[in-house]
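*Asks:* Sharing a structure with you now.
The values are calculated or read from the model by the stated rules, or taken from the named source; none is laboratory data. Computed from a prediction, not measured in an experiment: that's the story for all the values here. We place every Cβ from the backbone using ideal geometry, glycine too, and count neighbours over all the protein chains shown. Areas reflect the complete protein model, heavy atoms only, side chains present, ligands, DNA and RNA absent. Shrake-Rupley method; radii C 1.70, N 1.55, O 1.52, S 1.80 Å.
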Amino acid sequence: MFTETKHDFRVVGRGATAEHYFDFRNLYEEDVHVAAVRSSCGCTTPSVSKDTLSTHETASIVAKLNTSTFIGQKAATITVVFDQPYYAEVQLSVSGFIRTDVTFEPAEIDFGQSKPGEVKDRTIKISHRGNPGWRIQDVRSHCSDLAVKLSQPRIQPGLVEYDMQVRMKETMGEGDIRERLTLISNDTQFPTIEMAVAGHVRPSITVSPAAVSLGTAVIGQSVGKRLLVRADEPFSITDVRCVDKRFSFDIPEGKKKLHFLQLKFDAGEAPDRIAQKIEIVTDLPGEKTAECVATGTVR
């Protein structure tokens, strides 16, 4: 169910935001329920984004490194306890080194909520105390949708400060932003330090519910559901795609910001388990689409 079970925060600054999302998906027909999450060390606080998942739904175990109250090398084991559809435990491992001589103000780069194509700038102050010869030599990221501009260092007795501007480009993809910047310094003992970049780019079009439950259909029966399709600007639905021909759709006409799309499922003549992707095509630029998953059982 989990895409990964280990994460290394590497080196982070005192008070900096350090969170990691362990994503997991319900692979079962029955609901999955998280009964508890606990950590072996107070240096890490775990939480769950959603404790009950229907078929194919996703959620995250969020591991937060407590950089304000702990220092040095830390490690923790997070135990995730499931009690439905059966009892199970999963262990997740996190580690990181919290250094006290480097701080960020604010604690992370947070772009907040944004529209698709929006450009935003954030500025953060980086302070190093102790070695006046400390310098940032480079800033790296795996995300090409971020641009960084670093000021000249301000040097005082026992203190080096930088202002760093981080720009979110118009090309940033829709959804949650969970990126990191890596500062490369001339510190031979700890040459790198990590910084979190967060935010959310709202999808230009959404469908609700994203996971459609058909329940248990009797052979020969039909099941109907209504989907809500929404966008920031008026649009038309041009097509609805699903490889399972037992699904049919009543496509609404006209251009509106909100459409109600009627779904019909004909159960057929044989028992089956249903898990189908539905793709809704619009006339928005680039033929933007929205997707949902329909699940159920024919008995």
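*Asks:* Less than 15 Å Cβ to Cβ from Gly133, Lys/Arg counted +1 and Asp/Glu -1: what total charge do the surrounding residues give? Mind showing how you got there, number by number?
*Replies:* On the way: positive: Arg129, Arg135, Arg154; negative: Asp101, Glu161, Asp187.
With Lys, Arg at +1 and Asp, Glu at -1, the net is 0.
*Asks:* Below 8 Å between Cα atoms, with a sequence gap of 6+, how large is the relative contact order for the stretch 35-135 in percent? Please report the intermediate quantities before stating the final value.
*Replies:* Details: 146 pairs, mean separation 21.8, N = 101.
This gives 22 percent for the stretch 35-135.
*Asks:* I need to check one value: relative contact order of the stretch 1-75, counting alpha carbon pairs closer than 8 Å and at least 6 residues apart, in percent.
*Replies:* Reported as a whole number, the value is 37 percent.
*Asks:* With the Cα gyration tensor of the stretch 192-299 giving a ≥ b ≥ c as the square roots of its eigenvalues, does the rule (a/c under 1.5 for rounded; else a/b larger than b/c for prolate; else oblate) give rounded, prolate or oblate? Kindly include the intermediate steps, with their values, before the conclusion.
*Replies:* Values: a/c = 2.90, a/b = 1.49, b/c = 1.95.
Oblate, because a/c is 1.5 or more while a/b does not exceed b/c.
*Asks:* Right, another one. Does the stretch 33-139 come out rounded, prolate or oblate, given a ≥ b ≥ c as the square roots of the eigenvalues of its C-alpha gyration tensor, rounded meaning a/c under 1.5 and, failing that, prolate meaning a/b above b/c? List each step's numbers first, then the result.
*Replies:* Details: a/c = 3.68, a/b = 1.54, b/c = 2.39.
It comes out oblate by the Cα gyration axes.
*Asks:* Ignoring ligands, DNA and RNA, what percent of the accessible area of the chain is carbon or sulfur (1.4 Å)?
*Replies:* Values: 7220 of 15330 Å².
C and S fraction of accessible area: 47 percent.
*Asks:* Okay, next question. Rounded to the nearest 20 debye, what is the charge dipole size of the stretch 181-251 about its Cα centre when +1 sits on each Lys and Arg Cβ and -1 on each Asp and Glu Cβ?
*Replies:* Dipole magnitude for the stretch 181-251 comes out near 500 debye.
*Asks:* Take the alpha carbon gyration tensor of the chain, find the square roots of its eigenvalues, order them as a ≥ b ≥ c, and report rounded if a/c is under 1.5; if not, report prolate when a/b exceeds b/c, else oblate. Please list the in-between numbers first.
*Replies:* Working: a/c = 3.96, a/b = 1.73, b/c = 2.29.
Oblate is the answer for the chain, as a/c is 1.5 or above yet b/c matches or exceeds a/b.
*Asks:* Moving to a separate point now. Evaluate the charge dipole of the chain about its Cα centre and quote only its size in Debye, nearest 20, assuming +1 on the Cβ of each Lys and Arg and -1 on the Cβ of each Asp and Glu. Present the calculation step by step, with values, prior to reporting the outcome.
*Replies:* Working: 37 positive and 40 negative charges, 122 e Å.
Rounded to the nearest 20 debye, it is 580 debye.
*Asks:* Could you give the size of the charge dipole of the stretch 35-160 about its Cα centre, using +1 on the Cβ of each K and R and -1 on the Cβ of each D and E, expressed in debye and rounded to the nearest 20?
*Replies:* Numbers: 14 positive and 12 negative charges, 123 e Å.
I would put it at about 600 debye.
*Asks:* If you don't mind, another one. Below 8 Å between Cα atoms, with a sequence gap of 6+, how large is the relative contact order for the stretch 98-163 in percent?
*Replies:* Working: 76 pairs, mean separation 22.3, N = 66.
Result for the stretch 98-163 is 34 percent.
*Asks:* Give me the net charge for the shell around Ala275: Cβ to Cβ below 14 angstrom, other residues only, Lys and Arg +1, Asp and Glu -1. Spell out each step's value before the answer.
*Replies:* Details: positive: Arg25, Arg246, Arg273, Lys277; negative: Glu29, Glu30, Glu57, Asp244, Asp272, Glu291.
Charge balance near Ala275 sits at -2.
*Asks:* Give the residue list of chymotrypsin sites (Phe, Trp or Tyr not before Pro) in the stretch 83-118 that are DSSP loop and have at most 15 other beta-carbon atoms within 10 angstrom.
*Replies:* Details: sites: Tyr86, Tyr87, Phe97, Phe104, Phe111; in loops: Tyr86, Tyr87.
Counting only loop positions with at most 15 other Cβ atoms within 10 Å, the chymotrypsin sites (Phe, Trp or Tyr not before Pro) in the stretch 83-118 are Tyr86, Tyr87.
*Asks:* Which order do His142, His33 take by accessible area at a 1.4 Å probe, largest first? Could the numbers behind the result be given before it?
*Replies:* Values: His142 195, His33 45 Å².
Per-residue accessible area, sorted high to low, gives His142, His33.
*Asks:* How much of Thr206 can a 1.4 Å solvent probe reach, expressed as accessible area in Å² and rounded to 10?
*Replies:* 60
*Asks:* Moving on to the next point. Per residue, how many Å² of accessible area does the chain show with a 1.4 Å probe?
*Replies:* Details: 15330 Å² over 299 residues.
On a per-residue basis, 51 Å².
*Asks:* Just to confirm a number: summing +1 for Lys and Arg and -1 for Asp and Glu over residues other than Gly224 whose beta-carbon lies under 11 angstrom from that of Gly224, what do you get?
*Replies:* Numbers: positive: Lys225, Arg226, Lys264; negative: Asp250, Asp266.
Local charge sum for Gly224: +1.
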